[in-house]
1. Please verify whether B:Asn66 is on the phi > 0 side of the Ramachandran plot and at pLDDT 95 or above, treating the condition exactly as stated.
2. Since B:Lys329 meets every condition but one in (1) farther than 19 Å from B:Gly372 by Cβ; (2) within 14 Å of another protein chain (Cβ to nearest Cβ); (3) open to solvent by less than 50 Å² (accessible area, probe 1.4 Å), which condition does it not meet?
3. Any idea which residue in the range A:164-185 is most open to solvent (accessible area, probe 1.4 Å), counting only those that are of a type in the set (A, V, I, L, M) and part of a helix (DSSP H, G or I)?
4. For residues in the range A:23-38 being open to solvent by less than 20 Å² (accessible area, probe 1.4 Å) and within 7 Å of chain B (Cβ to nearest Cβ), which is farthest from A:Gln194 (Cα to Cα)?
5. Taking the condition touching a helix residue (DSSP H, G or I) at 6+ places or on another chain (Cβ under 8 Å), farther than 30 Å from B:Ser95 by Cβ and in a loop (DSSP other than H, G, I, E, B), does A:Phe188 pass?
6. Among (1) out of contact with any Pro (no Cβ under 8 Å at 6 or more places or on another chain); (2) away from chain B (no Cβ under 14 Å); (3) open to solvent by 20 Å² or more (accessible area, probe 1.4 Å), where does A:Pro347 come up short?
7. Of the numbered conditions (1) within 18 Å of the chain's Cα centre (by Cα); (2) within 25 Å of B:Asn83 (Cα to Cα); (3) not hydroxyl-bearing (Ser, Thr, Tyr), A:Asn247 satisfies every one except a single condition; which is it?
8. With (1) outside the structural domain of A:Gly372 (by TED's automatic domain parsing); (2) more than 19 Å from the chain's Cα centre (by Cα) as the list, and A:Leu291 as the residue in question, which single condition is left unmet?
2 protein chains.
Amino acid sequence: MSNTAESAKTIYLDYAATTPTDPGVLKAMLPYFSSDYSNASSMHSSGRRAGQAISQARSDIAAVLNCAPQEIIFTGSGTESDNLALLGIARAYRSQGDHIIISAIEHKAVMESTKLLEREGFKVSIAPVRTDGCIKVEPLLELLTNKTTIVSVMYANNEIGTIQPIQELALAIQEWKKDNGNRELPFFHTDACQAAGFLSLDVRELGIDLMTVNSSKIYGPKGVGILFKKKNLKLQPIIVGGEQESNLRAGTENIALIVGMAEALKIADESRHKESKRLSGLRDYFISKLLATIPLSILNGNRVSRLPNNVHISIPHIEGESILLMLDKFGIEASTGSACSAYDLRPSHVLMAIGQTPEFAHGSIRFSLGRGTTKVDIDYVLKIFPPIAQRLSAISALTVKTHEKK
Amino acid sequence: MSNTAESAKTIYLDYAATTPTDPGVLKAMLPYFSSDYSNASSMHSSGRRAGQAISQARSDIAAVLNCAPQEIIFTGSGTESDNLALLGIARAYRSQGDHIIISAIEHKAVMESTKLLEREGFKVSIAPVRTDGCIKVEPLLELLTNKTTIVSVMYANNEIGTIQPIQELALAIQEWKKDNGNRELPFFHTDACQAAGFLSLDVRELGIDLMTVNSSKIYGPKGVGILFKKKNLKLQPIIVGGEQESNLRAGTENIALIVGMAEALKIADESRHKESKRLSGLRDYFISKLLATIPLSILNGNRVSRLPNNVHISIPHIEGESILLMLDKFGIEASTGSACSAYDLRPSHVLMAIGQTPEFAHGSIRFSLGRGTTKVDIDYVLKIFPPIAQRLSAISALTVKTHEKK
């Protein structure tokens, strides 16, 4: 297989790992590096101007989320926002309870937070999901106790793209709270890193208490995220030593990135409906062609309640890493699942949670589409990928045979 | 006082709060926003290229610090690095001790970390400083116990500019460890955020175990910092959920900012001697003229063992905030102390620690010089500032008189 001619153009299909920064976003950021660079906490004119730029960014984001500007906390990443939500609420409400519930397919930023909390004496329950990755509402409700302080369920899964019924869940938790003496707790957090740009982020409509959004998945810069936190909720900070972000996240305000994220979210929200429609069409075309041309291949996740940009399939007996490296030779960039654990060779916890067998789980590949993806790109992949899958399957069959002979 | 003509140009003298991003640094960063934007943890070609860019940045920084690349942890800020050092070591070595020592004039990022740790049951000792802000070595050594796991003393103070004898301190702690049965603990951390760009960051020469450096004080972008941590030292992460930074700091690698910080540190290190000499000359000229022309004014901090860019004076009976706002009208941007607590009106803990009286502490102003500062700028301030100080003193005297009459 020669890749000289084939890989002249790179076809990036890993938008769920990260997106390029939108040129308009970069343009909005540029003045804040070398010209309007002041510390937003400084009292002089340029410091106050920096503070105003951050206020404006906060308001712009609040407008998309339909919340108050002071309900937005700027952080350094989606991971940090997830950590702040889980650790921040659990520790702040420790005196009222030591129990946390998360779904079985959360991002590691949520999962590892609960592991930290377990070491601090907290108890963690894992809410199961169906084989399509959708959360089971009733079993989750049954896990609620009067010691539960936070429930965290991601809006859409980063690996298999399943969209969760967040509004329904939020309502069910509200009902449970009403039925249990109008309790204040638990609070409901959702990690919306993958949902942003495709689904509504209206926190009032969703009925949630906390929400994580990341800039680097919505064509904004890396290194900034937000946590929406409803007014009056207590939160113990994880980074301390300055009064920034209402004493909830210390450190010099990262003005360029903050302005960039606000711009990116505005653009993402404006183009959301159109882009979702366009990508859903491409996705469905891509999925049906793949399943039709690659023997034994299966789609993971719900076919309908699915992110418009997610295509995640498994092929038995072959290694996702091998597929990935072969595709890479042809200039096609995809992923085996989450970039955050790309070099971890254990089968993904998400695939295990939906009951996938290891032989399928290991042969998984995720294509995540984005603004730059065209039908021409997809057709190119459809030309290249099936023969690769066939070849890898043949090698695998041969290896199995050879082993059997010994 | 009219400021129309006067304030046509802004004279920024708040480089200790933050610096503009060097145009060369910004140029180095730009490709990583919209072109080479991949997730550095992705396995495909562009992901691996991103990983290589980060490795290169890590090596470049390690070269300046004279350490191994794997001893560099990228974080989101100097504050986060300080937090990670203090919380990370204290928590990781909890089974071996519950005692921490910091100096009385640490940055809030260190101070607040110890307050968090106190709530977790740790004991914190505060090492006193002399009236010039220099640490007293003997009293610090007397605080050491076989329960001490970390000592943190900043390399140079952000408010009054005093440079600490880090090498001497490190040696003394090493001696103490030898004399106490060749103990492994305590580890020695220094916050070098203000020192970087002026003083040597050679960690072997300094003899330290951990060091914090911030990008936004050395003409690099905001939103990235590093923690140097000697090999084999355990550290409990504060942001979890991904395998980045050897499992010590989760979250998508912020490639543009990381590349920018490395470039900024290289430039700062190269220009260090020349720029320190140039600014020390300007600083000394500025200080002597100020003290000579403003009655009762005093210089805070050590006059010799002092950051080349720091001028921090106090004038009794007038408010630093008033000076700052008056200067601002004339286009001169300075600070009352730390930007991180600019809106906190209590007298600075640093000034209290050096034994400054409240009447002097309240009338403090910090001018911090930088690459853009010229003698013309300083002469302009020397023309504007003394009359302002005189006018404010007169108003203050009048107010006192009026109060006395009542």
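The values are calculated or read from the model by the stated rules, or taken from the named source; none is laboratory data. Not measured: the values here are computed from a predicted model. Ideal geometry is used to build each Cβ from the backbone, glycine not excepted, and the neighbour counts take in all protein chains shown. Protein only, heavy atoms only, side chains kept; ligands, DNA and RNA dropped before computing areas. Shrake-Rupley method; radii C 1.70, N 1.55, O 1.52, S 1.80 Å.
1. Working: on the phi > 0 side of the Ramachandran plot: yes; at pLDDT 95 or above: yes.
Answer is yes for this residue.
2. B:Lys329 satisfies every listed condition except (3).
3. Within the range A:164-185, the subset of a type in the set (A, V, I, L, M) is A:166, A:169-173, A:185.
Still in the list and also part of a helix (DSSP H, G or I): A:166, A:169-173.
Numbers: A:Ile166: 3, A:Leu169: 0, A:Ala170: 4, A:Leu171: 106, A:Ala172: 19, A:Ile173: 4 Å².
Applying the filter and picking the extreme gives A:Leu171.
4. If we filter the range A:23-38 for residues that are open to solvent by less than 20 Å² (accessible area, probe 1.4 Å), which is where we start, we get A:25, A:29, A:33, A:38.
Add one more test, that the residue is within 7 Å of chain B (Cβ to nearest Cβ), and what stays is A:33, A:38.
Working: A:Phe33: 28, A:Ser38: 32 Å.
For the range A:23-38, the residue satisfying everything is A:Ser38.
5. Values: touching a helix residue (DSSP H, G or I) at 6+ places or on another chain (Cβ under 8 Å): yes; farther than 30 Å from B:Ser95 by Cβ: yes; in a loop (DSSP other than H, G, I, E, B): no.
In short, no.
6. For A:Pro347, the failing item is (1).
7. Of everything listed in (1) within 18 Å of the chain's Cα centre (by Cα); (2) within 25 Å of B:Asn83 (Cα to Cα); (3) not hydroxyl-bearing (Ser, Thr, Tyr), A:Asn247 misses just condition (1).
8. (1)
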